[in-house]
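Following: one structure in structure tokens, then a few remarks.
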Amino acid sequence: MDMVMKLGAESSVVILTKSTCCISHSIETLIRGYGANPTVYELDKLTNGKEMEKALVELLGSKSSVPAVFIGEEFVGGSNEIINVRGKLKQLLLKANSIWI
């Protein structure tokens, strides 16, 4: 779990994903659409990716581990949470200094 939280704090916006996950790609596209430049880690390409994936399953409380989105060093959640905060996503990105107006 510590590895996941450490990666989540490395940039103002971090997305943990898998290279084959189309939902992760959609979430990344949504965030980039606001002008943010997220740091993206593809777990299936990391040497400790399986271990991190298990930690994400615990963190998300579901079978799906990706996407996992951190904004401003805080864990926002997976795709459902990002879609639910969509109206507030711009404010989260502004607060994290990920975008400017």
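The values are calculated or read from the model by the stated rules, or taken from the named source; none is laboratory data. Note that the structure is a prediction, hence the values are computed from the model and not measured. Neighbour counts run over all protein chains shown; Cβ positions are idealised from the backbone, glycine included. With ligands, DNA and RNA removed, areas are computed over all heavy atoms of the protein, side chains included. Shrake-Rupley method; radii C 1.70, N 1.55, O 1.52, S 1.80 Å.
Structure data summary
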item	result
Which listed residue, of S65, S24, is part of a loop (DSSP other than H, G, I, E, B) and either hydrophobic (A, V, I, L, M, F, W, C) or open to solvent by less than 40 Å² (accessible area, probe 1.4 Å) (or both)	S65
Which numbered condition V14 misses (of (1) within 19 Å of N80 (Cα to Cα); (2) free of Cβ contacts under 8 Å to residues at least 40 places away in the same chain)	(2)
Selected residue (criterion: nearest to S19 (Cα to Cα)) from residues of region 87-101 that are of a type in the set (A, V, I, L, M, F, W, C) and open to solvent by 70 Å² or more (accessible area, probe 1.4 Å)	W100
Residues that are under 16 Å from the mean Cα position of the chain (by Cα) and either touching a residue at least 24 places away in the same chain (Cβ under 8 Å) or open to solvent by less than 60 Å² (accessible area, probe 1.4 Å) (or both), drawn from region 51-62	M52, E53, A55, L56, V57, E58, L59, L60, S62
Set N84, N80, N48, N37: member being open to solvent by 60 Å² or more (accessible area, probe 1.4 Å), touching a residue at least 12 places away in the same chain (Cβ under 8 Å) and polar (S, T, N, Q)	N37
Filter result (small (G, A, S) and under 18 Å from L59 (Cβ atoms)) within region 78-101	G78, S79
Those residues of region 69-82 which are of a type outside the set (S, T, Y) and farther than 16 Å from A36 by Cβ, in sequence order	F75, G77, G78, N80, E81
